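Right, one structure below, let's go through it.
Every read-out reported here was derived from the displayed coordinates using simple, explicitly stated rules and does not represent laboratory data. All figures in this text were calculated on a predicted structure; none of them were measured in a lab. Counting neighbours? That spans all protein chains shown, and the Cβs are built from the backbone with ideal geometry, glycine included.
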Amino acid sequence: MRDPRHPRHFTDEFKRQIVDLYNAGKPKREIMDEYDLGKSTVERWIKSINATGSPRAACNRTPEQNRILELERENRRLRMEVDVLKQAALIYARK
């Protein structure tokens, strides 16, 4: 059974096998029942593997999406640095 607190992890090979079963004509419902998989999981694997050949989200991103993620990471890092500097300024101001 599925447990949201302990998600299962699947290998890329397993994901490809599931998509191969679907592409060979096996109904999605049978695949979901046989392997105890959710509908959105199977649909996501089918969409990504058929589109790019890779089940990994990082391989399916556009250059613009990668750039946005990179900028968001940098933004978080800079915000943390500013917070640290603000705290340091308060400490030195008390002395």
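Hey, if you put +1 on the Cβ of every Lys and Arg and -1 on every Asp and Glu Cβ in the chain, which of Leu85, Ala51, Thr62 ends up farthest toward the positive end of that dipole?
Leu85
Calculate the all-directions average of the projected area of the chain's alpha-carbon convex hull, and give it in nm².
Orientation-averaged projected area of the Cα hull: 9.4 nm².
Placing unit charges on C-beta atoms (Lys and Arg positive, Asp and Glu negative, everything else neutral), compute the dipole magnitude of the chain about its Cα centre in debye, rounded to 20.
Using Cβ point charges on Lys, Arg, Asp and Glu, the chain gives about 500 debye.
Under 14 Å between C-alpha atoms is the cut-off here; go through the chain and count lysine pairs that meet it, provided they're at least eight residues apart or on different chains.
For the chain, the number of qualifying lysine pairs is 6.
So what is the calculated 222 nm ellipticity per residue for the chain, using -39500 (n - 2.57) for each DSSP H run with n of 4 or more, over all residues, to the nearest 500 deg cm²/dmol?
Taken over the chain, the calculation gives -23000 deg cm²/dmol.
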